[in-house]
Structure formats: C-alpha cells, structure tokens
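Heads up, the thing below is written out as structure tokens.
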Amino acid sequence: MKLKQRVVVLCAVLLLLGLAKVFLLDGGEGSAASRRDLRAFRKMEASLALVRGARLTHTLQSPWEVAAQWVGPREVYPDETPELAAVLNALATARVERADVGYKGTQLKALLVLDGGQKVVFKPKRYSRDYVVEGEPYAGYDRHNAEVAAFHLDRILGFRRAPLVVGRLVNLRTEIKPVATDQLLSTFLMQGNNTCFYGKCYYCRESEPACAEGEGMEGSVTLWLPDVWPLQKHRHPWGRTYREGKLARWEYDDSYCEAVKKMPPYDAGPRLLDVIDTAIFDYLIGNADRHHYESFQDDGGASMLILLDNAKSFGNAALDERSILAPLYQCCM
C-alpha cells in the first residue's frame, strides 16, 4: 500500500470508528448521548481542518511568537489552535534570510533562518513519491514527505508531540545561494542542468548529492523548537545495534521490559508509557530507526518524548516491521 493510500485508509478507519460509535453503540435512536457524540466528532473533524493560505488576523505577534507560546511539557501545540494554518503557511512561504549546513546527524539537511529570525530544518527530496526502499527497515535516505505525513498523523492521533512540518518548494539559485554560508556554498555542484548540494553530515558525500529539478528543490521544513525549551537526548532502550550478527538485549530477552522498569526515568512518571505510544506511532509510519529520542531538559522524567526526526518512515508500504512494537508487547502483553 502506497503512502497516499495508507493515509487515506487511516482517515477512513477513523471516520468509520466515529460513525460506529454514534450510530451503533447508542442504537441510532437520536438520543441526547448520540447527539453529543456526533457534535464531538464534528468538532474533532473541524479542529483537524486547515485552510490553505491562511494568515494571522492580528499583527500583535509574529507566527513564530504564537507557535513558541504553544509549547508545553506535554505538547508542542494545544488541542485548540485556530492559528495553526497561518503558522504552517508562514513556514511554507516566509523569505529565507540565511542558509547553512545542518546540525549534527547522519542525514543531509540544511539549517535555514526565515524572515523574523525563525530557525527551521530543511530536508531535501531524495526519492520520487512511488519509490520503494528495499532492505533493512531503516535503510535508505531520509524521506522529506515522511516528515510531513508523520506530523499530520501525530495530529490525528492527538499526541501533538511532533514539531510543525510543511512541504516547501525552494529555488536554490534565487532563495538559497544568495544567503548561504561559505560552508554550505562549497557543497553546491551541477549535475547536467540540475543544481545540487551535499551539505555536511556523517553520511554526506559529494558523490551522493540531493538534486533539484533545474533550480527548484522540494523538501520539508520543520519548525525549530524555542530556545527556552532546551532538549535532552536519550538512548532509546529499545534501540538497535545496527551491527550485523549482533542483537540488542530486547531482541532475544522477552523479559527485558522488567529491567527497563527499574531504570530512571522509566521507573516513575509517564516516560515508559510515552515510549510505548511512540512504538505504536512508529509502527504506523514504518519507522524502525528511533535509536535515540529527545525530551525537554531537566524535566525529572515528566516531559513528553518529542517525536523528532520521522524521515526514515513510509519507505516500503508493503512491509510491516513487527519488532517496532517490542515496547508494547514486552511491557503490556
């Protein structure tokens, strides 16, 4: 099943579940309870709808200030966010003031600063929409469209733990190169009539650049979380070894969760439940590459597990990697 089909099926299932609750569980008799359920369902539908090209109706704050005020210990944005469409539109259209190589990591990305000083992460398109990534479930380059799809699935599930993401088409010649740092500019090259760059990262190679179609490059733009909410990185207790022939303990010890429950921050607070939520989320998007995760710093284990870096997802719609669910079936079954 392709990415688009999977998203459509998921939305259809959610719709059917809501209708079943309204018309079956309450007998379809038009009771007060069923009417309340129907109103709640329609409210949920309305809250997920986004208006194309929306803008803020006031000028007292920038879109970036609005989004920064949403962030809390347990959510990146609240349930009621009438300005969400306007903030996403600003992400997709605001002028690029500066472009640099991406922050540390294994995959190609660029760090952009948008009009108003807002930092964002740009991940370029590396594959066509229908490309199937073969091999290990974590194989291949990052998929920019996976970041976009994962953000919206996070909204549908009501987690609200993924930073805001949009798709964007940028012109490398007119929007990026004039404001790029020397370090980023030094990685630009031409392949035929296409402008390319390979950036700086662990796996970045001049022989494997990301290329635009001519000068226009499609990619995802992820909103940088506010600096007042510094992040803390953790090794995922169900991370893989990424070494052939060497298994992690959870891959051969079915009682592994009992050991995890005795370790901080999993011995108290919501963190272990967040790990299980994330396993379900990752299974739905096909992400088997969450070897580390981030929470907010100095949180005492109370912060949410932030759903960052979802680009190793939706690589093969025909593959359901059951091992992603290990935190669920080892801790709950």
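The values are calculated or read from the model by the stated rules, or taken from the named source; none is laboratory data. All values reported here derive from a predicted model rather than from experimental measurement. Using ideal geometry, Cβ is built from the backbone for each residue, glycine included, and neighbour counts are taken over all protein chains shown.
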Self-check item: Any chance residue 212 is closer than 22 Å to residue 293 by Cβ and either not assigned by TED's automatic domain parsing to the domain that holds residue 71 or not acidic (Asp, Glu) (or both)
Solution: no
Quiz prompt | Single condition residue 198 does not satisfy, out of (1) more than 21 Å from residue 308 (Cβ to Cβ); (2) exposed (fewer than 11 other Cβ atoms within 10 Å of the Cβ); (3) touching a residue at least 60 places away in the same chain (Cβ under 8 Å) | solution = (2)
Quiz item: Counting only residues that are polar (S, T, N, Q) and surrounded by fewer than 16 Cβ atoms within 10 Å (Cβ to Cβ), which one in the stretch 280-328 is farthest from residue 248 (Cα to Cα)?
Solution: 297
Practice problem: Working only within the stretch 244-254, note down all residues that are without any contact (Cβ under 8 Å) to a residue 60 or more places away in the chain and over 26 Å from the mean Cα position of the chain (by Cα). | Solution: 244, 245, 246, 247, 249, 252, 253
Quiz item: Among the candidates 195, 241, 278, which residue alone is under 30 Å from residue 128 (Cα atoms), β-branched (Val, Ile, Thr) and in the same structural domain as residue 153 (by TED's automatic domain parsing)?
Solution: 195
Self-check item: Test: residue 261 is surrounded by fewer than 17 Cβ atoms within 10 Å (Cβ to Cβ), in contact with a Leu (Cβ under 8 Å, 6 or more places away or on another chain), within 30 Å of residue 333 (Cα to Cα) and outside the structural domain of residue 136 (by TED's automatic domain parsing)
Solution: yes
Quiz item: What are the residues in the stretch 293-332 that are under 20 Å from the mean Cα position of the chain (by Cα) and among the aromatic types (Phe, Trp, Tyr), if any?
Solution: 293, 296, 314
Exercise. For residue 149, indicate whether it is crowded, with 21+ Cβ neighbours inside 10 Å, without any contact (Cβ under 8 Å) to a residue 60 or more places away in the chain and of a type in the set (Gly, Ala, Ser).
Key: no
Practice problem: Kindly provide the set of residues from the stretch 87-107 that are within 16 Å of residue 151 (Cα to Cα) and touching a helix residue (DSSP H, G or I) at 6+ places or on another chain (Cβ under 6 Å), ordered by number. | Solution: 87
Quiz item: Among (1) assigned to a helix (DSSP H, G or I); (2) over 15 Å from residue 226 (Cβ atoms); (3) at pLDDT 75 or above, which single condition is residue 40 missing?
Solution: (3)
Quiz prompt | Scan of the stretch 84-112 for residues that are surrounded by 22 or more Cβ atoms within 10 Å (Cβ to Cβ) and part of a loop (DSSP other than H, G, I, E, B), ordered by number | solution = 108, 109
Quiz item: Considering only the stretch 219-252, how many residues are surrounded by 18 or more Cβ atoms within 10 Å (Cβ to Cβ), assigned to a strand (DSSP E or B) and not small (Gly, Ala, Ser)?
Solution: 3
